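Single-structure report; data block below.
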Amino acid sequence: TICQTLELEETRFRQTLEKGLGLLAETTDNLSKGDVLPGAVAFKLYDTYGFPYDLTEDALRPRGITVDRAGFDTAMAAQKAEARKAWKGSGEATTQAVWYEVREATGPTDFLGYTCETAEGEIKAIIKAGKQVKTLKKGDEAQIVLNQTPFYGESGGQVGDKGVITGANGATFLVSDTRKMLGDLFVHFGRVESGRFKLSDAVGLQVDSTLRTAIRANHSATHLLHEALRQVLGSHVTQKGSLVAPDRLRFDFSHSHPMTEEEIKKVEQVANTIIDQNAPVQTHLMSQEEALKSGAMALFGEKYGDEVRVVAMGEPLTSDDKKTSSGHAEKLAWSLELCGGTHVQRTGDIGLVKVLSESAVGSGVRRIEAVSSSKARDYLDQQDERVKKIAALLRTRPEDLTDRVSALLAERKQLEKKLSEAKRAAALSGSGTSASSSEADQPSDLQQLGEIKFLSRTLQGLNPKDLRGLIDEGKKQIGTGVVAIVGISEEGKAGLAVGVTADLTHKLNAVDLVRLGASAMGGKGGGGRPDMAQAGGPDASKDKDALLAIEAGIKQAID
């Protein structure tokens, strides 16, 4: 794992370095010894392209060019100031001050949601438009703080609960989100649908049970996937972030390279094996030291109190699972994590977990997205329906679909090959556009430039990868000389290729000629060998100019 991680970092840094050096060369092309690169330019290289400031200095030092460090620092400070200004402008700072005032006046909120979804509470604070108020009426959008609540406040990746708060005389407040402020203050966001609410009202609290059930299943599934990833990929896997929503789950973890299909399949199998155990999910309150000794995993960067909640899931699969990584204590279960979220009562309540995708998030961090319970079954039903529809379209049985698609792909490859050969044959049979100014509208594209034969042509609807083959065919056709072809794809992209027969490479260089043509089409560069070179050109309408430029280059070389 260490070797793979180092290699990946080196590869990415080398790519950054090569890109940065190229941009730096373009930027400083007009500078000479003794000049100073503006700090703003150096900052743009750093901020936009990730090219470190010290490397900019190192790259320019051999040329005697220095960098305006003061200007760089000024640009950096300006960017930070803009970021702070944007943050303050969002109103977050003002709102945050209100929560400190509320927390000081009301104290923490008692969370009842581990054991119930329905409860009663007392309104301790009402916030509307960032300010504390005493009453709410129909249509008001506001936040309500209670002395106790079964609503889970968004934290640890788990989204906040939704539901309804009811008051006297049919008053209802629809809770659209619940968030945890300052660590232990639960804030209910929503809108008054009917009636009125005021401070100190006794209210009824009802969490949306359907959403909570789905969230519990997904949260418990993330714990199982975490442990399954560690068993399949290695103990270096640790959680780097997560999202637990009613309809899906997302789990970020430390790993240096993409997972294989076989690894993803194995992770699913391991997690579903624990689900099938239908073992009880238990929670234990203990000191943080005791929790870590028991083998429970804590998230790096998370803050825990003196007493922590340990969630235990599944029966150990082997004797090795009974010990922690230190080997000194017996694990309470197959999966042990410090967690404050809500979970299923038994692993079987998750039903099923299905990984939908695996992708990169950043350097050394991967992401899997998955569904569980009814959403997983819905996904598999949809996939089954798709397979049946595709099988019907291809007039085969679902179980024979792979063989049928493989046969169709092989048949398509053969047809593409035959079509490509037919296009090449037609391309060199006399149709095309000549470069010669005197014969621009003639079908014949072969000219005699002194002792050099020059075959030039523009071909429409040509795949650029076919250019090399056409050049070889053209060289065979003329025997000795130069062949230049502009190919314009169906998407309108232009490619240019030049071939020089081996007996003439001492006089003419295909690379030099192709660069002349590319320049005429607004392109840069081009490369290859003296006998064969290719380039691209942004402006396909300048195809004749490109071939005329190559023609002029040949004439100049032989004069």
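Per-structure values
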quantity: Over the chain: helical MRE at 222 nm, DSSP H runs n ≥ 4 each giving -39500 (n - 2.57), nearest 500; calculated: -13000 deg cm²/dmol
quantity: When each of LYS493/LYS524; LYS19/LYS44; LYS162/LYS240; LYS453/LYS476 is checked by Cα-Cα distance, pairs over 24 Å; calculated: LYS162/LYS240
quantity: Cβ crowding within 10 Å averaged over residues, with 461-470, 512-521, 107-116, 215-224 ranked highest first; calculated: 215-224, 512-521, 461-470, 107-116
quantity: Heavy atoms of SER406 accessible to a 1.4 Å probe, total area in Å² rounded to 10; calculated: 60
quantity: Segment 120-274: C-alpha gyration tensor shape, a/c 1.5 cut-off, then a/b vs b/c; calculated: prolate
quantity: For segment 439-559, share of DSSP beta bridges that run antiparallel, in % to the nearest 5; calculated: 75
quantity: Cβ-placed point charges (K, R +1; D, E -1), dipole of segment 345-424 about Cα centre in debye, nearest 20; calculated: 400
quantity: Gained length - SER155 relative to THR283, 0.36 nm times residue gap less alpha-carbon distance; calculated: 44.3 nm
quantity: Packing-based ranking, highest mean first, of 149-162, 497-510, 378-391 given that Cβ atoms within 10 Å are counted; calculated: 149-162, 497-510, 378-391
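The values are calculated or read from the model by the stated rules, or taken from the named source; none is laboratory data. Please read all numbers here as calculations on a predicted model, not as lab measurements. Reconstructed Cβ throughout: ideal geometry from the backbone, glycine too, with neighbour counts over all protein chains shown. The accessibility values were calculated without ligands, DNA or RNA, using every heavy atom of the protein model including side chains. Shrake-Rupley method; radii C 1.70, N 1.55, O 1.52, S 1.80 Å.
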